[in-house]
Amino acid sequence: MIDSAVAQNATIGDLAADPRFGLTVIEARQEALERPISWIHVTEVVDPRPHIREDELICTVGAALVDPREAARFVQAVRDAGCVGVCLGLGEVHTEVPAALERACRRWGVALLVMAHGVPFRAISDALVETRMQSSRSADPLAGALELLRTGAGASDMLALIADELGGRIDIAHRSDSSADSAEGRHRESASLVEVELDDAELLRWSGEGSPPDRALLERFARVLHIARRAELAQESSARRRVGQLMSLVVEGLAHPAALMPDLDPAGLDSERLVVSAWPEGTGALVARQHSGAVVAETARDVLVVTQDDGQARDISDRLQLVFGYSSPVGLTELAHGIAEARATLMLARRRGSIAGPETLATLAALLEQQPRSRLQPFIAQLVRPLLGEEVRGGPDLLDTLRVFIEQGGSIAATAARQFLHVNTVRHRLARVRDVVGRDPLADGDRTDLAIALWAHDHSARRSESTAR
């Protein structure tokens, strides 16, 4: 039986009879032609079950439907989800309907339509919205929400509108905060509360003192809101990637930093003082939701945030338990330097497990931490391993004395006191180091080389121990 919530929607027969879409019905029973469509879902996934809903028309260009087994799996998933049917767009991947797809639709009783090349799938969703508006404009409380969806308005505008229509309060709740049975994910109704599913993680909640709204009505609004939020998230992600591409061009010297002004101005940022913070890859949406007065960019290697200072980022880092690195304040013309500095500090932050800023970069240890392991291997091979060879008597003692000598700033007396040795013993050991590796610990330049070798050796040993555990 068709749900009354979608009873006034357009059907497959309606769409096929509309010349705007150039639709051809390849396979469909009579009852399928008369079945209302709640919405369309565009996918190229072989098994889209986690993402599709009952009564949706599944649109695809068939990129994943080349193999007959994949076509059968796709059609069975559409049937199991209770969808209206499959609409195949020709011209991008297939010039004609794959025989395997047609056989699978016939076998599973799934309606199959073909859309002419050049007609976007969005044309169907626009038609569905228009049909709903025409049939329910005067009586349906959701008519205004559907109009907002058609014009591309945001989810917040929809929430405000539906609250006016239904009275009470409308908000979005995480499932963990719900009074619903989380195991079943079902709604709960009372005199003051109605909750319906919004997506896998969230619920749409009405609360108020008066009579609660009809649950079917709230579910319909949740569908529209879910579509609007997905569109918003997609637009925001696209905008972050666009800014990220522009920042990458600035870093490479292929674009002038002034090209970012259309993004910096709306955020209220002063181009004379900008702080760049770098965050781990994949955190763009999470970080963007937490920041205000900032420009957030996603690149192939990290997430970059441009603000006026690092204070807000520190608070966000505490809340999200994420490390980040940040730059010194820079002017717009120095933005490439700020990005490079933020990325260098992020590298240190991830290795150390704590926030890192520009002051952490001005040390030998910080410089070495930014080097690839392969670049430091020659120091270990030429200046440390020879001291640990079987032919070198007391090699570990030589290494310990050398380490303490470097830590004590090249003081023989301080080294002797620290190791409870005679100063002549320290001199003898340092001379043995010089004889074995050809570098004199008493010479400033050689001592720096030996310090780098010891740092690389010790860090390599710690990494090996951590991996073994």
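The values are calculated or read from the model by the stated rules, or taken from the named source; none is laboratory data. Here the structure is a predicted model, which is why all the values come from computation and not from measurement. Neighbour counts are summed over all protein chains in view; Cβ atoms, including those assigned to glycine, are modelled from backbone coordinates with ideal geometry. Surface areas here come from the heavy atoms of the whole protein model, side chains and all, with no ligands, DNA or RNA. Shrake-Rupley method; radii C 1.70, N 1.55, O 1.52, S 1.80 Å.
Computed with a 1.4 Å probe on the full set of protein chains, the accessible area for R373 sits at about 140 Å². Across the range 41-86, the mean sequence separation of Cα contacts (distance under 8 Å, 6 or more residues apart), normalised by length, yields a relative contact order of 48 percent. This model, with +1 at the C-beta of Lys and Arg and -1 at the C-beta of Asp and Glu, gives the range 235-372 a dipole about its Cα centre of some 440 debye.
List residues of the range 300-317, by number, whose backbone nitrogen lies under 18 Å from a label position 7 Å along Cα→C-beta of D270. What the label zone holds, given the 18 Å backbone N cut-off, is 306-313. Across the chain, counting alpha-carbon atoms alone, Rg and Dmax equal 32.4, 102 Å. Given R0 = 60 Å, the distance between the Cβ atoms of W108 and Q377 translates into a calculated FRET efficiency of 0.50.
Using just its DSSP H runs of length 4 or more, each adding -39500 (n - 2.57), the chain gives a mean residue ellipticity at 222 nm of -15000 deg cm²/dmol after division by all residues.
Full extension of the chain between V66 and R301 gives 81.3 nm of extra length, using 0.36 nm per residue less the Cα-Cα distance. Which listed residue (A349, S374, V250) has the Cα farthest towards the positive end of the charge dipole for the chain, taking +1 on Lys and Arg C-beta and -1 on Asp and Glu C-beta about the Cα centre? About the Cα centre, the residue reaching furthest to the positive side is S374.
A straight line joining the Cα centroids of the range 10-59 and the range 338-383 runs 55 Å. The slack in the chain from R29 to I172, taken as 0.36 nm per residue of separation less the alpha-carbon distance, amounts to 47.5 nm. Once the 1.4 Å probe is applied to the protein heavy atoms, the range 66-131 comes out at 46 Å² accessible per residue. Distance between the pseudo-spin-label points of A116 and S211 (7 Å out from Cα toward the beta carbon): 4.9 nm. Rounded, prolate or oblate, given the Cα gyration tensor of the range 368-469, with a/c below 1.5 counting as rounded? Cα axes put the range 368-469 in the prolate bin. About the centre of its Cα atoms, the chain shows a dipole size close to 1780 debye [charges on the beta carbon of Lys, Arg (+1) and Asp, Glu (-1) only; nearest 20 debye].
Sort 69-79, 309-319 for me by packing, meaning the mean count of neighbouring Cβ atoms within 10 Å per residue, highest on top. List each step's numbers first, then the result.
On the way: 69-79: 20.1, 309-319: 15.5.
Packing order, densest peptide first, comes out as 69-79, 309-319.
First measure r as the distance between the Cβ atoms of A163 and A123, then evaluate 1/(1 + (r/R0)^6) with R0 = 41 Å and state the FRET efficiency to the nearest 0.05.
0.85
What nm distance separates the two modelled labels at D440 and R418, each placed 7 Å from Cα along Cα→Cβ? Rounded to a tenth, the inter-label distance reads 2.2 nm.
For the range 289-406, with equal point scatterers placed on the C-alpha atoms only and solvent neglected, what are the log10 I(q)/I(0) values from the Debye formula at q = 0.13, 0.15 1/Å, to two decimals? Rounded to two decimals, the profile gives -0.65, -0.76.
Taking a point 7 Å out from the Cα of A255 in the direction of its Cβ, the residues of the range 292-325 whose backbone N falls within less than 18 Å of it are 294-307.
Where does the range 25-76 land on Rg(C-alpha)/(2.2 N^0.38 Å)?
That ratio works out to 1.19.
If you stretched the chain out fully between E130 and Q235, how much longer would it get, using 0.36 nm times the residue separation minus the C-alpha to C-alpha distance?
Using 0.36 nm per residue and subtracting the Cα-Cα distance, I get 35.5 nm.
Here the range 79-122 and the range 385-443 have alpha carbon centers that stand 77 Å from each other. Protein heavy-atom surface of the chain, 1.4 angstrom probe: 48% of the accessible area is carbon and sulfur, with nucleic acids and ligands not counted. With both labels modelled 7 Å from their Cα along Cα-to-Cβ, the E391 to E281 distance reads 4.5 nm. Accessible area per residue for the range 221-379 is 48 Å², calculated with a 1.4 Å probe on protein heavy atoms, without ligands, DNA or RNA. When both bridge partners sit in the chain, DSSP labels roughly 65% of those beta bridges antiparallel.
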